[in-house]
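**Student:** After the structure tokens below, expect a handful of questions from me.
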Amino acid sequence: MTAARGNGRTPGAGGELGDAPERWPVESSTFSLRTGRVIDIREDVVASGGQRFTRDVVVHPGAVGIVALDEQERMLLVRQYRHPVGQRLYEPPAGLLDIEGEDYLAAAQRELYEEGHVRARDWRVLVDAFTSPGMTTESLRIYLARGITDVPPQDRHNGIDEEADMPVSWAPLADVVAGVFAGRLHNPTLVMGSMAAWAARSGAGYDALRPGDAPWPVRDEIPYDLLA
């Protein structure tokens with residue numbers, strides 16, 4: 001038997017397994033870069049145990065992603081050019097939470113309409129995640145959308161920049177999961193979303209997922225601006 005680490009207690013014993021908010025003292029916090037676009041960069045001087053260390057934080061507004069499944073268990077995919085990695089990736093529809101006061105579910109519904117050219121009747125929450133908590137404030141909520149209907153061509157959204165050349169296709173969910181395991185698909189929203197959908201399908205079922213309007217309290221605890 002492998003010995004337990006840390007305090008010797010089994011994680012989750014006596015209660016549900018879950019993350020907990022914690023904030024170490026910050027002696028100073030300054031923005032070293034404000035782009036006016038998607039991200040800013042903040043420099044925090046953190047104090048702990050008599051030591052001081054500096055952490056650079058990429059301040060990001062967060063995002064939503066959508067795993068849209070049709071009646072044949074096919075997943076809607078867009079193919080988008082991603083400049084930083086020099087790849088055209090298969091991805092689920094997704095977008096930033098950069099409209100002040102916009103409801104999370106409403107943002108997801110808007111992104112599915114704009115990028116996927118479809119609407120959905122049934123919405124569930126698949127996954128809430130921090131995409132890279134060691135360096136950025138970015139939070140991500142991935143929805144499951146079912147009951148799909150097409151948007152007529154004349155009513156579709158016309159994208160700009162990378163979104164102007166973003167083909168839409170459908171692939172069996174099983175094939176998407178196989179592509180992840182084979183190392184052919186890399187977008188993190190696709191990886192998390194497809195795996196979560198596959199697990200839900202194989203477990204308690206889609207209807208056991210949280211409703212689409214479920215609260216997202218951990219997002220409200222993120223320290224976006226320590227100077228505010």
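**Student:** Where the accessible area of segment 83-228 is counted over protein heavy atoms with a 1.4 Å probe, how much of it, in %, is carbon and sulfur?
**Tutor:** 53
**Student:** Using unit Cβ charges (K, R positive; D, E negative) and no other charged atoms, how large, in debye to the nearest 20, is the dipole of segment 77-131 about its Cα centre? Don't skip to the end; give the middle numbers.
**Tutor:** Working: 7 positive and 10 negative charges, 78 e Å.
Taking the Cα centre of segment 77-131 as origin, the dipole is about 380 debye.
**Student:** Would you work out the relative contact order for segment 35-128, in percent, from Cα pairs under 8 angstrom that are 6 or more residues apart?
**Tutor:** Working: 116 pairs, mean separation 19.3, N = 94.
Relative contact order comes out at 20 percent.
**Student:** Still on this model: Out of 73, 102, 16, any idea which swings most in a Gaussian network model of the chain, alpha carbons joined below 10 Å?
**Tutor:** Of 73, 102, 16, the most mobile in the Gaussian network model is 16.
**Student:** Which value, in Å² rounded to 10, gives the accessible area of residue 104 with a 1.4 Å probe and all protein chains present?
**Tutor:** So the heavy atoms of residue 104 present about 60 Å² to solvent.
**Student:** Still on this structure: Tell me the accessible surface of residue 75 in square angstrom (1.4 angstrom probe, heavy atoms of protein chains only), to the nearest ten.
**Tutor:** 0
**Student:** Taking a 1.4 Å probe, which of 173, 33 shows the most accessible area, and what order do the others take after it?
**Tutor:** Values: 173 0, 33 75 Å².
In descending accessible area the options line up as 33, 173.
**Student:** For residue 97, what residues show an amide H to amide H distance below 5 Å, using hydrogens built from the backbone and excluding near sequence neighbours?
**Tutor:** Those qualifying (amide H under 5 Å, at least 5 residues apart or on another chain) are 62, 63, 64.
**Student:** Between segment 170-228 and segment 8-80, what is the separation of their alpha carbon centroids in Å?
**Tutor:** 15
**Student:** Can you compute the charge dipole magnitude of segment 92-169 about its Cα centre, using +1 on each Lys and Arg Cβ and -1 on each Asp and Glu Cβ, nothing else charged? Give it in debye, rounded to the nearest 20.
**Tutor:** Values: 7 positive and 16 negative charges, 103 e Å.
Its charge dipole is roughly 500 debye.
**Student:** In deg cm²/dmol and to the nearest 500, what is the mean residue ellipticity at 222 nm of the chain if only DSSP H runs of at least 4 residues count, each as -39500 (n - 2.57), divided by the residue total?
**Tutor:** -4500 deg cm²/dmol
**Student:** Quote the charge dipole size of the chain about the Cα centre in Debye, to the nearest 20; the model charges only the Cβ of Lys and Arg (+1) and of Asp and Glu (-1). Write down the numbers at each step before the final one.
**Tutor:** Working: 23 positive and 34 negative charges, 151 e Å.
That gives the chain a dipole magnitude of about 720 debye.
**Student:** Could you do me a favour and compute the accessible area per residue for segment 67-209, 1.4 Å probe, result in Å²?
**Tutor:** Values: 7410 Å² over 143 residues.
Spelled out: the 1.4 Å probe surface of segment 67-209, per residue, equals 52 Å².
The values are calculated or read from the model by the stated rules, or taken from the named source; none is laboratory data. Remember, it's a predicted structure, so these values are computed and weren't measured experimentally. A quick note on method: Cβ atoms are made from the backbone with ideal geometry, for glycine too, and the neighbour counts reach across all protein chains shown. Note: areas computed on protein heavy atoms with side chains; ligands, DNA, RNA excluded. Shrake-Rupley method; radii C 1.70, N 1.55, O 1.52, S 1.80 Å.
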